[in-house]
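Trainee: Take this structure, written in structure tokens, and hold onto it; I'll ask about it next.
The values are calculated or read from the model by the stated rules, or taken from the named source; none is laboratory data. Keep in mind that this is a model prediction, so the values were computed, not measured. Every residue, glycine among them, receives a Cβ derived from its backbone with ideal geometry; neighbour counts consider all protein chains shown.
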Amino acid sequence: MRRVGRALAAAALAVLLAAGAATPAEAARSAASAERSFFVPVPEAPGSTARIRLDATLYTPATTPAPAVLLAHGFGQTKADLAPEARRLQAEGYVVLAYTARGFGDSGGRIGLDSLDGEVPDARAMVDVLAGDRAVERRGGDPLVGVVGGSYGGALALMLGATDRRIDTVVAAITWNDLADALAPPSAGTVEGSTSNPQRDFKVGWASRLFGAGIAGATTGCGRFTPAFCDLYGRLVTGGTATTADLALLGRSSPRAVLDGMRAPTLLLQGVQDRLFGLDQADANARQLRAAGAPFQVRWFAGGHDDGGIDGTDGLVDDWLADHLRESKAVRGRFSFSVPASATAFQEKRVADRYPGLGGTGATSIALAGGTQTVVNPPGGQPASITGIPGLGTTTSVGRTASSLLAAANPPAEAATFTSAPLSRGTVLAGAARTRLRIEPPDAGTVVLYAQLSVRTGDALRALPGGVAPIRVAVPAGGATVDVSLPATAWNLAPGDRLVLTVRTSDSQFLGSRTASSARIAVVGPVVLPEVAVTAALRTAGLPSTGVLIGIGAALLAALLLLVLGAVLGRRTSRVPPVREEEGPPLQIAGLVKRFRGGFLAVDDVGFTVERGQVLGLLGENGAGKTTTLRMVAGLLRPDAGTVRAFGLPLGPGSPALDRVGCFIEGPGFLPHLTGLRNLELYWAATGRPKREAHLEEALAVADLGGAIRKPVRGYSQGMRQRLAIAKAMLGLPDLLVLDEPTNGLDPPQITALRGVLQRYAAAGRTVVVSSHLLGEVERTCSHVVVMSHGRVVAAGPVESVAGEASELVLGVTDPARAAEAVRATGVESAAVHGDAIRVRPGAVPVETVVAAVVGAGVGVSSVSRGRHLEEAFLELIGATEPSS
């Protein structure tokens, strides 16, 4: 259940025990274990006298009778994958039954994809086992049973809950509503005014991966699939069209067929990072549950099939089971959604009073520019554009790197790109964005396109989670306007970001069109982004649940609520640390000297001050001076002379001021056999400070390691270790953050993301000191800079002040000599040739006159910039000479 494709858990401790329908030869009791393993016989097909056996294990807690939980696994898994979850729930006092679905592991039968004729009756047989066990608590004569499943098991949980009145509550995660819509989605675009049924496009990437999991270890091409499903897959993957019979077969494996019978309280957990079963599938389940009158709650969380599975949802599941198996609480219609971390925002959890659907409770319209563009589809649809890889999202380093490398080979002729102006205000997208396209093919016929939203932050372009929208529509001669619904997702767009809509003719994740074609495309309306009115936006964990308040008197309850409110407000306002009375600057260095053995003078009379809200870059011609300075700031090294003070207090080994300083100096150091998460937890525990002050979620958002955060550090790349080390330095959100070469090992998108993190961190009232050899990145990131040469400070101040010559112009031109001659005639102070550019001090001459003079001389102008770059100033300050052109 924990993750599709997860490695098998440790072997079960129990030996086989005969119980219920099992025979003595099939099971035996272990006196030292509260686990019983056995086989349950079930009909091979409805009405059949033939039997198959399903492999099951029952976990009984120390105290019984107790409520029961039936666990259903993901596709390609077995009951062994459920063992960790089963033992955890067993320890919490539940009777747990985990079993292997037909067609997998040691269970018999063939895979019918949660068919109402196979897997669903099997699940009811498992409820029979629980109903016959004395350890299971009863309510009104019926066993008290909840069912929990993810992905393949999630659909089964919904279908079981809707068809078996003995089920008291359901938890279904990252699953589908209609398997036909999930694997062969209908067109996301409809021709304006058309009433025809939308065409479908086979999701060949994910479907093939699932089929591969179902034939693992098989000796035939169909593995253990039923002949009907094998035939269906074989026809669709070779370009066949889904028939009415095909859709009916998929319908028998879909919650959509039975959800009108659901009465049990249901929790729908859907991952934002999921291109297999998107948020639209959870929305369809929610709409059916609402129509059926079943109480439900919807939660969008940060995982999904593309990143992390359902990791991190244990708390949600536990709370839900406690509310509806141990107690009989009413279901609140509250809706929560996770907004992934980006280059301009931490990951957030947002909470609303009710689930609004994919249309949100409000909207923001954003205009796109790009005119009319022509796209072509090559013969056979190859080479196909690559927008992602099934199971590999774009939130992790590996996923982003792989997607970026593959996307770099995408044929430009297959894509039309439309871009907005920089956003003047931020907005949080939550739902399915909409827009309108004008599509004009040369001739009437079916047009196949794929639309995707991305966001450009600075130089980095990042595709939004949710994947692409397949558009397959019949367009008449002369063209048509098509209304497009883009994949539902959640994202935080910040001021300055640009929204990008890309429309392609092919996508490797879909079957697509094999016919060579072309079309003219234009955006004829804004992109409308749905928004959700929220009651809370949380970046930290540990907010008290209402359960801890039950039973407390009215006066105490009121007082406690006030305290909780104060704590929450305190956490939010703590992002901007208050200035304490009479405290000094965050960092103040004076007369610092450090000489090492052998007489090497690394730091010589260094002094500078860093104020609140600054991002200060420390530069040097070699690493010795700046790194030695940072080590003394971090309290790792004592100076020979001079002082280092933080917030007015002396800074050195053991200094109390170090509680307000976070450092990353000279490379990361972690215990390789522990996970990244465990390393962070142990480091924070060693500080002796309360866990709630760690702000672990913010640190993990900075690390951006996805599911890898729960893997041993020994397998991390240099970049992953680097990001984990930065997250470690940010634990507790220190008032002064000191980072030594933090961009080492990071790819360009990660560097851009880190730039945004550091700038926001300082903007919140804190202070950042960063050393780097990437002068261009320092110039884009830092507000102030200190330049060291031979252990001494040679310049300090705002970046633009140190770079100097702000009035200077640099023009990239096609003929520098002729351009310089033309510019000098305008009366500028000076004009000199520098490679393929000219450097001009215009004096009183307007910039427009300078550029006009160059153009008037018949010289092409490729770029115009004002001022020198920091790199030029740095080279001059340390005495280096600029290479001649």
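Trainee: Let me confirm something: among 463, 494, which residue is in contact with a helix residue (DSSP H, G or I) (Cβ under 9 Å, 6 or more places away or on another chain), over 16 Å from residue 524 (Cβ atoms) and surrounded by fewer than 20 Cβ atoms within 10 Å (Cβ to Cβ)?
Mentor: Details: 463 fails: surrounded by fewer than 20 Cβ atoms within 10 Å (Cβ to Cβ).
Testing whether each residue is in contact with a helix residue (DSSP H, G or I) (Cβ under 9 Å, 6 or more places away or on another chain), over 16 Å from residue 524 (Cβ atoms) and surrounded by fewer than 20 Cβ atoms within 10 Å (Cβ to Cβ) leaves just 494.
Trainee: With 303, 278, 312 as the choices, which residue is farther than 25 Å from residue 702 by Cβ and of a type outside the set (Val, Ile, Thr)? Break it down stepwise before answering.
Mentor: Numbers: 303 fails: farther than 25 Å from residue 702 by Cβ; 312 fails: farther than 25 Å from residue 702 by Cβ.
Going through 303, 278, 312 in turn, the sole match is 278.
Trainee: If you don't mind, there's one more thing I want to ask. For residues that are assigned to a loop (DSSP other than H, G, I, E, B) and either closer than 27 Å to residue 305 by Cβ or free of Cβ contacts under 8 Å to residues at least 12 places away in the same chain (or both), tally how many sit in segment 459-491. If you could, list the steps in order and put the result at the bottom.
Mentor: Going residue by residue through segment 459-491, those that are assigned to a loop (DSSP other than H, G, I, E, B) are 459, 464-468, 476-479, 486-488.
Restricting the remaining residues to those that are either closer than 27 Å to residue 305 by Cβ or free of Cβ contacts under 8 Å to residues at least 12 places away in the same chain (or both) gives 464-468, 486-488.
Residues meeting the conditions: 8.
Trainee: Looking at 308, 304, can you tell me which residue is modelled with pLDDT under 85, touching a strand residue (DSSP E or B) at 6+ places or on another chain (Cβ under 8 Å) and in the same structural domain as residue 139 (by TED's automatic domain parsing)? Lay out the reasoning, then the answer.
Mentor: On the way: 304 fails: modelled with pLDDT under 85.
308 is the lone residue from the list that is modelled with pLDDT under 85, touching a strand residue (DSSP E or B) at 6+ places or on another chain (Cβ under 8 Å) and in the same structural domain as residue 139 (by TED's automatic domain parsing).
Let's see how each residue does on (1) under 15 Å from residue 256 (Cα atoms); (2) more than 26 Å from the chain's Cα centre (by Cα); (3) part of a loop (DSSP other than H, G, I, E, B):
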{"position": "156", "(1), (2), (3)": "yes, yes, no"}
{"position": "159", "(1), (2), (3)": "yes, yes, no"}
{"position": "171", "(1), (2), (3)": "no, no, no"}
{"position": "181", "(1), (2), (3)": "yes, no, no"}
{"position": "193", "(1), (2), (3)": "no, yes, yes"}
{"position": "213", "(1), (2), (3)": "no, no, no"}
{"position": "216", "(1), (2), (3)": "no, yes, yes"}
{"position": "219", "(1), (2), (3)": "no, yes, yes"}
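Trainee: From 858, 791, 827, which residue is in contact with a helix residue (DSSP H, G or I) (Cβ under 6 Å, 6 or more places away or on another chain), of a type outside the set (Phe, Trp, Tyr), at pLDDT 80 or above and at positive phi?
Mentor: Details: 858 fails: in contact with a helix residue (DSSP H, G or I) (Cβ under 6 Å, 6 or more places away or on another chain); 827 fails: in contact with a helix residue (DSSP H, G or I) (Cβ under 6 Å, 6 or more places away or on another chain).
Just one listed residue meets the conditions, 791.
Trainee: Checking the condition in the same structural domain as residue 605 (by TED's automatic domain parsing) and more than 32 Å from the chain's Cα centre (by Cα), which residue from 649, 696, 674 passes?
Mentor: Values: 696 fails: more than 32 Å from the chain's Cα centre (by Cα); 674 fails: more than 32 Å from the chain's Cα centre (by Cα).
Matching residue, one of 649, 696, 674: 649.
Trainee: Restricted to segment 337-372, and to residues that are of a type in the set (S, T, N, Q) and surrounded by 19 or more Cβ atoms within 10 Å (Cβ to Cβ), which residue is nearest to residue 733 (Cα to Cα)? Break it down stepwise before answering.
Mentor: Just the residues of segment 337-372 that are of a type in the set (S, T, N, Q), to begin with: 338, 342, 344, 347, 361, 364-365, 372.
Next, from what is left, pick out any that are surrounded by 19 or more Cβ atoms within 10 Å (Cβ to Cβ): 338, 342, 344, 347, 364.
Numbers: 338: 21, 342: 18, 344: 17, 347: 15, 364: 32 Å.
Per the criteria, the residue is 347.
Trainee: Looking at segment 43-96 only, could you name the residues that are closer than 21 Å to residue 223 by Cα, buried (at least 24 other Cβ atoms within 10 Å of the Cβ) and touching an Asp or Glu at 6+ places or on another chain (Cβ under 8 Å)?
Mentor: 54, 73, 74, 79
Trainee: When the residues of segment 568-627 are filtered to those that are acidic (Asp, Glu) and modelled with pLDDT under 85, which remaining residue is nearest to residue 791 (Cα to Cα)? Let's see the steps before the verdict.
Mentor: Looking only at segment 568-627, we keep the residues that are acidic (Asp, Glu), and these are 581-583, 604-605, 611, 621.
Adding the requirement that they be modelled with pLDDT under 85 leaves 581-583, 621.
Numbers: 581: 34, 582: 32, 583: 29, 621: 9 Å.
My answer is 621.
Trainee: Taking segment 629-658 as the search range and keeping residues that are part of a helix (DSSP H, G or I) and touching a residue at least 60 places away in the same chain (Cβ under 8 Å), which one is nearest to residue 585 (Cα to Cα)? Can you show your working first?
Mentor: At the first step, the residues of segment 629-658 found to be part of a helix (DSSP H, G or I) are 629-633, 656-658.
Those still in the list that are touching a residue at least 60 places away in the same chain (Cβ under 8 Å) too: 629-630, 633.
Working: 629: 17, 630: 17, 633: 14 Å.
Per the criteria, the residue is 633.
Trainee: Only one of these is acidic (Asp, Glu) and in contact with a helix residue (DSSP H, G or I) (Cβ under 7 Å, 6 or more places away or on another chain): 697, 666, 693. Name it.
Mentor: Details: 697 fails: in contact with a helix residue (DSSP H, G or I) (Cβ under 7 Å, 6 or more places away or on another chain); 693 fails: in contact with a helix residue (DSSP H, G or I) (Cβ under 7 Å, 6 or more places away or on another chain).
Result: 666 is the single residue among 697, 666, 693 that is acidic (Asp, Glu) and in contact with a helix residue (DSSP H, G or I) (Cβ under 7 Å, 6 or more places away or on another chain).
Trainee: Has segment 744-760 got any residue that is under 18 Å from residue 666 (Cα atoms), more than 22 Å from the chain's Cα centre (by Cα) and in a loop (DSSP other than H, G, I, E, B)?
Mentor: Yes; the residues of segment 744-760 include at least one that is under 18 Å from residue 666 (Cα atoms), more than 22 Å from the chain's Cα centre (by Cα) and in a loop (DSSP other than H, G, I, E, B).
Trainee: Another one. Please state which one of 707, 732, 765 is surrounded by fewer than 23 Cβ atoms within 10 Å (Cβ to Cβ), touching a residue at least 40 places away in the same chain (Cβ under 8 Å), in a helix (DSSP H, G or I) and not assigned by TED's automatic domain parsing to the domain that holds residue 301. First the steps, then the outcome.
Mentor: Values: 732 fails: in a helix (DSSP H, G or I); 765 fails: in a helix (DSSP H, G or I).
From the options 707, 732, 765, the qualifying one is 707.
Trainee: Does residue 806 qualify as being under 15 Å from residue 619 (Cβ atoms), within 42 Å of the chain's Cα centre (by Cα) and at pLDDT below 85? Talk me through it step by step, then tell me what you get.
Mentor: Values: under 15 Å from residue 619 (Cβ atoms): no; within 42 Å of the chain's Cα centre (by Cα): yes; at pLDDT below 85: yes.
The answer is no for residue 806.
Trainee: Six or more apart or on different chains, Cβ atoms under 6 Å: show the pairs whose first residue is in segment 168-179 and within 15 Å of residue 289 (Cα to Cα) and whose second is among the hydroxyl-bearing types (Ser, Thr, Tyr) and surrounded by 24 or more Cβ atoms within 10 Å (Cβ to Cβ).
Mentor: Going by the 6 Å Cβ cut-off, the qualifying pairs are 170/266; 175/151; 178/254.
Trainee: Could you figure out which of (1) part of a helix (DSSP H, G or I); (2) surrounded by fewer than 24 Cβ atoms within 10 Å (Cβ to Cβ); (3) without any contact (Cβ under 8 Å) to a residue 40 or more places away in the chain isn't true of residue 289?
Mentor: With (1) part of a helix (DSSP H, G or I); (2) surrounded by fewer than 24 Cβ atoms within 10 Å (Cβ to Cβ); (3) without any contact (Cβ under 8 Å) to a residue 40 or more places away in the chain applied to residue 289, the lone miss is (2).
Trainee: Tell me, which residue of segment 195-210 that is closer than 15 Å to residue 236 by Cα and either assigned to a loop (DSSP other than H, G, I, E, B) or without any contact (Cβ under 8 Å) to a residue 24 or more places away in the chain (or both) is nearest to the chain's Cα centre (by Cα)? Let's see the steps before the verdict.
Mentor: Kept after step one, since they are closer than 15 Å to residue 236 by Cα, are these residues of segment 195-210: 199-210.
Pick out the ones that are also either assigned to a loop (DSSP other than H, G, I, E, B) or without any contact (Cβ under 8 Å) to a residue 24 or more places away in the chain (or both) and you get 199, 201-203.
Details: 199: 31, 201: 26, 202: 25, 203: 22 Å.
Among them, the one singled out is 203.
Trainee: While we're here: Please work out if residue 109 is on the phi > 0 side of the Ramachandran plot and touching a Lys or Arg at 6+ places or on another chain (Cβ under 7 Å). Spell out the reasoning first.
Mentor: Working: on the phi > 0 side of the Ramachandran plot: yes; touching a Lys or Arg at 6+ places or on another chain (Cβ under 7 Å): yes.
When the stated conditions are applied, residue 109 passes them.
Trainee: What number of residues in segment 674-697 are part of a helix (DSSP H, G or I) and touching a residue at least 24 places away in the same chain (Cβ under 8 Å)?
Mentor: The initial filter retains those residues of segment 674-697 that are part of a helix (DSSP H, G or I), namely 676-687, 691-693, 696-697.
Next, only the ones that are touching a residue at least 24 places away in the same chain (Cβ under 8 Å) stay: 676-677, 679-680, 683-684, 687, 691-693, 696-697.
Within segment 674-697, residues that are part of a helix (DSSP H, G or I) and touching a residue at least 24 places away in the same chain (Cβ under 8 Å) number 12.
Trainee: Same structure, new question: Considering only residues that are out of contact with any Phe, Trp or Tyr (no Cβ under 6 Å at 6 or more places or on another chain) and either more than 16 Å from residue 181 (Cα to Cα) or of a type in the set (Lys, Arg) (or both), which ones fall in segment 272-293?
Mentor: 273, 275, 287, 290, 291, 292, 293, listed by residue number.
Trainee: Another one. Which is outside the structural domain of residue 211 (by TED's automatic domain parsing), in a loop (DSSP other than H, G, I, E, B), closer than 28 Å to residue 214 by Cα and of a type in the set (Val, Ile, Thr), of 64, 49?
Mentor: Values: 64 fails: closer than 28 Å to residue 214 by Cα.
When all the criteria are applied, what remains is 49.
Each row is one residue, and each column tells you yes or no for (1) at pLDDT below 85; (2) on the phi > 0 side of the Ramachandran plot; (3) not hydrophobic (A, V, I, L, M, F, W, C).
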residue: 637; (1), (2), (3): yes, no, no
residue: 644; (1), (2), (3): no, no, no
residue: 649; (1), (2), (3): no, no, no
residue: 653; (1), (2), (3): yes, no, yes
residue: 657; (1), (2), (3): yes, no, no
residue: 662; (1), (2), (3): no, no, yes
residue: 666; (1), (2), (3): yes, yes, yes
residue: 671; (1), (2), (3): no, no, no
residue: 675; (1), (2), (3): no, no, yes
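Trainee: Report, by residue number, each residue of segment 97-130 that is crowded, with 23+ Cβ neighbours inside 10 Å, among the acidic types (Asp, Glu) and assigned to a loop (DSSP other than H, G, I, E, B).
Mentor: Once the filter is applied, which keeps residues that are crowded, with 23+ Cβ neighbours inside 10 Å, among the acidic types (Asp, Glu) and assigned to a loop (DSSP other than H, G, I, E, B), segment 97-130 yields only 114.
Trainee: Sticking with this one: Name the pairs whose Cβ atoms lie under 8 Å apart, with the first residue in segment 596-622 and acidic (Asp, Glu), the second at pLDDT 85 or above and assigned to a loop (DSSP other than H, G, I, E, B), and 6 or more positions between them or separate chains?
Mentor: 611/585; 611/586
Trainee: Taking the condition of being surrounded by fewer than 19 Cβ atoms within 10 Å (Cβ to Cβ), in a helix (DSSP H, G or I) and touching a residue at least 12 places away in the same chain (Cβ under 8 Å), how many residues in segment 242-276 meet it?
Mentor: Total meeting the criteria: 4.
Trainee: Would it be correct to say that residue 455 is out of contact with any helix residue (DSSP H, G or I) (no Cβ under 8 Å at 6 or more places or on another chain) and farther than 16 Å from residue 199 by Cα? Don't jump to the end; show me each part of the working.
Mentor: On the way: out of contact with any helix residue (DSSP H, G or I) (no Cβ under 8 Å at 6 or more places or on another chain): yes; farther than 16 Å from residue 199 by Cα: yes.
Yes: the conditions hold for residue 455.
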